[in-house]
Amino acid sequence: MKTVSLKIDDSIFGETEKILSRIKKPRNRYINEALEYYNRIQKRMILEKKLKKESELVKM
């Protein structure tokens, strides 16, 4: 596991802390899950762009 230091906007941090207190989940676990989810979305978007580009090449 890697250690990361980052800066988070105060509003995002506050909102996250409120959520964490209600769902009783460790901050580290919550952030890991959020990054994993965001990475899946980004991979899908990258694939969509690639497929769109390749589709345009086939149409020519």
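The values are calculated or read from the model by the stated rules, or taken from the named source; none is laboratory data. Note that the coordinates shown come from a computational prediction; the quantities given were computed from them, not determined experimentally. When we count neighbours, we look across all protein chains shown, and the Cβ atoms used for this are built from the backbone with ideal geometry, even at glycine.
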Hey, does region 10-26 have a residue that's exposed (fewer than 10 other Cβ atoms within 10 Å of the Cβ), among the acidic types (Asp, Glu) and assigned to a loop (DSSP other than H, G, I, E, B)?
no
Condition test on VAL58, is it modelled with pLDDT under 95, under 18 Å from the mean Cα position of the chain (by Cα) and either of a type in the set (Lys, Arg) or at negative phi (or both)?
no
